[in-house]
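The values are calculated or read from the model by the stated rules, or taken from the named source; none is laboratory data. These figures come from a predicted structure and were not determined experimentally. Every residue, glycine as well, gets a Cβ built from its backbone with ideal geometry; the counts of neighbours run over all protein chains shown. The protein model used for the area step is the full one, side chains on, heavy atoms only, and it has no ligands, DNA or RNA in it. Shrake-Rupley method; radii C 1.70, N 1.55, O 1.52, S 1.80 Å.
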Amino acid sequence: VFECVDSFLTQQLQPQTQSDIMSTCLVSVLIFNDESQIILNRTPLIGNGDNIRETLKRTKFERKPKGGTGFSAGLQQAEKLACLHINDKVILVFLSDGQPGDLRPKPPSDPTTTMQTTFKRDGITFPAAGHYIESMQKRHVDFSLQLICLYNEGFNWLKYLASRYNGTFHNPNLTLGDDANNVLQPCSIIHNNVNRSDSGDDEVVEIVKVKSQATVVREQHQRAKIANKVVSLTNMSTKTSSIRSTFSSISATVTAMRSGYKLQERAVTIKRESAMISCQATRMVLSLDSSGVDKLTVAPGENANERRIKVSINPFAQGGLRNVYRMKQECEKKQVAKESRHAIKYSERLKFHLETVKCQAQALVYASCFNKRITHAKNKYNKQSGRQPHPLDDVPHIDVLCAEVYRLKAPSCPGGFRYLAVEDHLEGDYEKWNNND
């Protein structure tokens with residue numbers, strides 16, 4: 001997580017040095033269990049960011065989890081920091097690896113249902129987590145809520161809070177390495193002085209001491225070290241790609257807000273697998289009108305709404321600009337459908353996709369020219385040298401995926417349609433080489 005935060009800071013420093021309109025970013029970092037502690041207090045992200053990195057590095061090694069997960073403690077402290085300047089744009093990134101001890105075991109099944117408003121600690125009543133989120137939303141016009149769930153204990157509550165308060169829920173993959181299972185055994189969460197109920201009475205919810213799975217594992221690892229049975233807890237090279245992607249996604253939201261754009265992010269939950277819904281769709285392709293202007297029109301030889309497709313309810317991935325959904329249709333390869341992460345004005349519903357399609361079409365032209373030149377250079381060299389090894393031999397052939405736009409009939413969307421950019425699904429691991437600048 002600390003490595004991902006470091007990458008996040010680097011991403012935020014780059015546009016700040018390249019743009020005069022980029023507002024200054026103030027960074028606050030809190031750690032919490034049943035109490036909270038401020039690590040960084042509205043520290044300006046300036047220069048190369050070494051001052052912030054040094055503080056985080058020191059915190060990483062000096063501060064160890066003590067057990068206990070109280071959402072209210074962290075959110076209360078965040079709300080205090082945010083209220084210092086009402087006009088600030090605020091992005092709250094809330095990360096937890098445990099079941100909240102100050103909330104009921106299960107959240108309401110319907111996000112429109114009001115959650116508990118209070119809890120008790122040592123017989124004293126305190127406001128619950130939602131109170132502080134609501135306070136920040138009311139105070140700050142530009143407020144983005146990003147909730148990150150590590151492990152499964154806090155999944156239901158964090159997902160509920162994201163839905164309830166129009167936030168974005170992230171559930172990245174961060175699991176133990178296989179070799180850890182040789183020594184470490186599953187351990188149930190430890191509850192002390194439990195006095196909780198699923199009833200509607202707030203007064204029966206009393207804070208408890210909860211050890212998250214991460215804390216339990218860490219304690220087991222310490223015992224294993226003492227017994228000379230050291231094991232690897234995580235395989236960072238293969239297991240952190242999802243959490244790194246999560247922070248990159250959040251960074252894109254921060255950049256948009258700092259640039260002064262009024263963007264309303266869609267409230268979504270990222271799921272690797274989710275149910276699919278059937279839709280009538282129209283395939284649209286890039287063409288020129290009579291004036292030579294690019295536009296998207298119904299594909300030649302096809303009629304409107306004649307295609308039958310299935311698209312996943314939840315995106316399975318999220319990039320800096322778009323949410324990515326699984327898509328299926330008969331007689332076609334596996335596909336993905338991409339939609340803007342932010343609400344787009346109805347008048348600009350096709351402009352967003354048009355620019356993407358034009359960019360990909362131009363990239364295909366450049367790739368084709370590049371491939372031809374490489375092939376020509378190789379052939380010319382082979383004739384002159386008798387097929388001796390050449391530095392260009394390792395240059396790969398470049399392919400470019402070109403998107404098509406699908407217009408889905410969707411009565412709940414503005415104008416009755418939803419627009420998605422559709423591409424073939426690429427198998428294997430994905431490695432990103434650009435930052436969308």
Restricting the stretch 267-291 to residues that are in contact with a helix residue (DSSP H, G or I) (Cβ under 7 Å, 6 or more places away or on another chain) and over 19 Å from E404 (Cβ atoms), which is most open to solvent (accessible area, probe 1.4 Å)?
A267
Qualifying positions in the stretch 50-64 - open to solvent by 70 Å² or more (accessible area, probe 1.4 Å) and farther than 13 Å from E35 by Cβ:
D50, N51, E54, K57, R58, K60, F61, E62, K64
Restricting to the stretch 273-307, what's the tally of residues that are among the β-branched types (V, I, T) and farther than 19 Å from S412 by Cα?
4
Out of S368, S340, I need the residue that is at pLDDT 85 or above and within 24 Å of the chain's Cα centre (by Cα). Which one?
S340
Search the stretch 49-61 for residues that are at positive phi and touching a residue at least 24 places away in the same chain (Cβ under 8 Å) and pair each with any residue that is surrounded by 15 or more Cβ atoms within 10 Å (Cβ to Cβ) and not acidic (D, E) when their beta-carbon atoms are under 7 Å apart and the residues are at least 6 apart or on different chains.
G49/L9; G49/L13
Just the residues that are in a strand (DSSP E or B) and open to solvent by 40 Å² or more (accessible area, probe 1.4 Å), please, taken from the stretch 407-417.
R407, K409, F417
Examine the stretch 16-26 for a residue that is of a type outside the set (D, E) and modelled with pLDDT of 85 or more, and state whether such a residue exists.
yes
Between residues in the stretch 280-304 that are more than 18 Å from E332 (Cβ to Cβ) and residues that are of a type outside the set (S, T, Y) and surrounded by fewer than 10 Cβ atoms within 10 Å (Cβ to Cβ), which pairs lie under 9 Å by C-beta distance while being six or more apart or on different chains?
S287/P300; K295/D289; T297/D289
Can you pull out every residue in the stretch 114-167 that is modelled with pLDDT of 90 or more and among the acidic types (D, E)?
E134
May I ask you to verify whether E153 is of a type in the set (D, E), within 17 Å of K80 (Cα to Cα) and either open to solvent by 50 Å² or more (accessible area, probe 1.4 Å) or in contact (Cβ under 8 Å) with a residue 24 or more places away in the chain (or both)?
no
